[in-house]
Amino acid sequence: MEWNFLAAIGRITLRFMQAVGHLSLFTLESVKNLFLPPFYMRLFLRQLMNVGYYSLPVVGMTALFTGMVLALQIYVGSSRFNAESAVPTIVVIGLTRELAPVLSGLMVAGRVGAAIAAEIGTMRVTEQIDALVTLSTNPFRYLVTPRVLAGIITLPLLVLVGDIIGVAGGYLVATETLGFNAGSYIKNTFDFLESRDVISGLIKASVFGFIVTLMGCYHGFNSTGGAQGVGRATTNAVVSSFILILVSDYFLTVMLLD
Amino acid sequence: MADSPKISLKNVCKSFGSNHVLKDLSLDIEDGESLVVIGGSGTGKSVMLKCILGLLEPEQGEIFIDGQQVVGLPKSEREKSLRKTGMLFQYAALFDSLPVWENVAFGLIQAHGMNRKDAKDIAIEKLSLVGLGSDMASKSPASLSMGMQKRVGLARAIATNPEIIFFDEPTTGLDPIMGDVIDNLIRDCTRELGASTLTISHDMESAQKIADRIALLYKGSVVWIGPASEIETSGNAYVEQFVKGDVNGPIELDILKP
Ligand SMILES: Nc1ncnc2c1ncn2[C@@H]1O[C@H](COP(=O)(O)OP(=O)(O)OP(=O)(O)O)[C@@H](O)[C@H]1O
Ligand SMILES: [Mg+2]
């Protein structure tokens with residue numbers, strides 16, 4: 001009985017290591033192909049729209065309500081020791097450094113990562129990826145590069161928009177319901193904001209954009225077994241993106257802490 | 001080099017786990033020849049094509065294209081040799097993100113660097129060869145019937161006038177008249193364009209029309225190969241059973257006999 005148990009642990013460990021190795025190779029191959037010609041401009045532009053532009057509403061909504069709720073909660077906390085004037089600063093730092101990048105990353109993972117995995121997964125099981133190869137086209141450069149590049153570039157832009165909308169949300173709640181003075185709220189927001197607050201958030205966003213699109217491509221590429229396999233690929237792409245975003249967020253925060 | 005075969009398979013073995021699909025398969029395709037491979041469902045015909053194309057790696061054996069050993073060749077080298085081949089997949093494998101004409105023109109645009117306008121003209125011309133009018137050109141492949149998709153796939157396979165063309169069951173699912181049109185088209189590819197073609201077929205009538213030589217695949221190796229004219233008089237028990245479509249004979253069927 002206990003031997004079965006140990007064997008199971010061994011099997012799981014081996015499978016895990018195999019998956020890590022597999023994913024590392026895929027990542028290397030993807031990164032390498034980012035720098036190799038040909039570059040498919042048309043596909044890249046289409047992905048910019050898909051990943052970036054069409055994600056604006058979701059990211060905007062998320063940022064707006066996060067900024068609003070942040071102002072409320074921080075007000076509750078800071079009023080306990082008469083530090084209400086810190087609300088604008090904490091809202092803007094919380095948003096730019098942490099919440100806008102992470103929440104945008106998660107939203108885009110659900111929206112874009114899943115779609116990428118489903119599309120590429122379907123192409124895999126219907127042999128369209130094989131067909132690409134027979135037409136002398138490298139599937140990495142044709143499918144992965146435009147998506148990953150679009151993720152790396154557009155997520156910071158989305159987060160920048162999210163930062164602005166989030167701060168605006170906090171401002172609305174603070175001035176409309178918490179009785180803050182409009183002018184001093186804005187002044188406090190920018191007086192203590194440092195450029196590295198924003199930049200560290202944008203760096204995180206770029207990494208998350210890479211993670212989300214890479215996971216979509218990876219699980220799509222390796223899907224097997226028809227419609228069920230594509231469904232599994234989609235789920236795995238989203239779940240693994242979520243986990244990797246949250247884990248890498250901690251390490252990125254440590255690294256970017258000045 | 002004139003006498004050496006265009007494609008040569010030597011003792012190719014390919015298995016999936018415990019399922020040994022190709023066993024010591026050896027087969028030559030001469031320059032400018034039309035070879036038809038027949039064989040029961042699941043005997044590894046499609047797997048054989050994928051091994052030649054490099055979509056699957058055989059565990060053992062060698063494959064020569066134009067005298068060059070291609071098994072284990074790096075992807076970039078393989079890409080070059082694929083530039084002179086065309087492939088019709090059994091289930092068409094059309095790119096559903098692209099309209100019909102771009103599917104057909106894909107190889108011209110991507111691998112041969114032709115401009116889109118000229119490529120479109122050629123695509124429309126190739127579509128007319130397979131009985132599809134120019135009104136089909138801008139449709140999405142997903143909106144076509146299976147037989148129409150198959151014909152688009154055929155147009156895509158021959159669009160670049162390749163030296164080597166593989167057809168995986170080109171006439172399956174077509175009506176008899178269209179089947180005849182396609183048979184003639186494949187004949188013309190070898191006779192007029194001088195291409196070497198490897199066609200997989202279940203249809204004995206069409207096989208005899210297309211083929212210079214016919215090979216019968218059974219349990220992963222070639223059990224008979226000879227000129228198309230001799231198929232009726234081969235004296236080979238396997239061939240006779242297959243041609244007659246007889247349940248009784250040396251070919252083992254996993255069917256419960258009543
Ligand atoms: N990717 C794969 N993974 C595992 N097994 C596979 C794979 N592709 C093919 N096989 C197996 O290889 C065997 C041969 O398949 P193949 O598609 O070559 O048959 P076929 O001769 O083309 O049959 P058909 O005439 O029905 O198309 C089958 O037993 C199939 O299960
Ligand atoms: Mg087949």
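Annotations
- Candidate set: segment B:73-85, residues that are facing chain A (nearest Cβ under 9 Å) and out of contact with any Asp or Glu (no Cβ under 9 Å at 6 or more places or on another chain); chosen: the one most open to solvent (accessible area, probe 1.4 Å): B:75
- Lone qualifier among A:31, A:108 - being under 29 Å from residue A:163 (Cα atoms), more than 14 Å from chain B (Cβ to nearest Cβ) and touching a helix residue (DSSP H, G or I) at 6+ places or on another chain (Cβ under 8 Å): A:108
- Considering A:119, A:98, the condition of being within 14 Å of chain B (Cβ to nearest Cβ), part of a helix (DSSP H, G or I), open to solvent by 20 Å² or more (accessible area, probe 1.4 Å) and touching a residue at least 60 places away in the same chain (Cβ under 8 Å) is satisfied by A:119 alone.
- Check on residue B:104, open to solvent by less than 30 Å² (accessible area, probe 1.4 Å) and within 14 Å of chain A (Cβ to nearest Cβ): yes
- Qualifying residue in segment B:135-142 (condition: out of contact with any Phe, Trp or Tyr (no Cβ under 7 Å at 6 or more places or on another chain), modelled with pLDDT under 95, open to solvent by 30 Å² or more (accessible area, probe 1.4 Å) and closer than 23 Å to residue B:52 by Cβ): no
- Segment B:46-85, residues that are more than 16 Å from ligand 2 (Cβ to nearest atom), within 17 Å of the chain's Cα centre (by Cα) and of a type in the set (S, T, N, Q): B:81, B:85
- Only one entry in A:186, A:211, A:164, A:243 is within 12 Å of the chain's Cα centre (by Cα) and surrounded by fewer than 17 Cβ atoms within 10 Å (Cβ to Cβ), namely A:243.
- Total residues in segment B:7-26 satisfying the condition of being buried (at least 22 other Cβ atoms within 10 Å of the Cβ) and more than 13 Å from ligand 1 (Cβ to nearest atom): the figure is 2.
- When segment B:87-97 is limited to residues that are away from ligand 1 (no atom under 16 Å from the Cβ) and modelled with pLDDT under 95, the one that is most open to solvent (accessible area, probe 1.4 Å) turns out to be B:96.
- Hits in segment B:38-64 - residues which are in contact with a helix residue (DSSP H, G or I) (Cβ under 7 Å, 6 or more places away or on another chain), more than 9 Å from ligand 1 (Cβ to nearest atom) and away from every other protein chain (no Cβ under 14 Å): B:38, B:58, B:63
Yes or no, residue by residue, for (1) open to solvent by 40 Å² or more (accessible area, probe 1.4 Å); (2) more than 16 Å from ligand 2 (Cβ to nearest atom); (3) within 14 Å of another protein chain (Cβ to nearest Cβ); (4) over 26 Å from residue B:64 (Cβ atoms):
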| residue | (1), (2), (3), (4) |
| --- | --- |
| B:176 | yes, yes, no, yes |
| B:193 | yes, yes, no, no |
| B:212 | yes, yes, no, no |
| B:226 | no, yes, no, no |
| B:238 | yes, yes, no, yes |
| B:244 | yes, yes, no, yes |
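The values are calculated or read from the model by the stated rules, or taken from the named source; none is laboratory data. Being a predicted model, the structure only gives us computed values, none of them experimental. Counting neighbours? That spans all protein chains shown, and the Cβs are built from the backbone with ideal geometry, glycine included. Please note that ligands, DNA and RNA were not included when accessible areas were found on the heavy atoms of the full protein model with its side chains. Shrake-Rupley method; radii C 1.70, N 1.55, O 1.52, S 1.80 Å.
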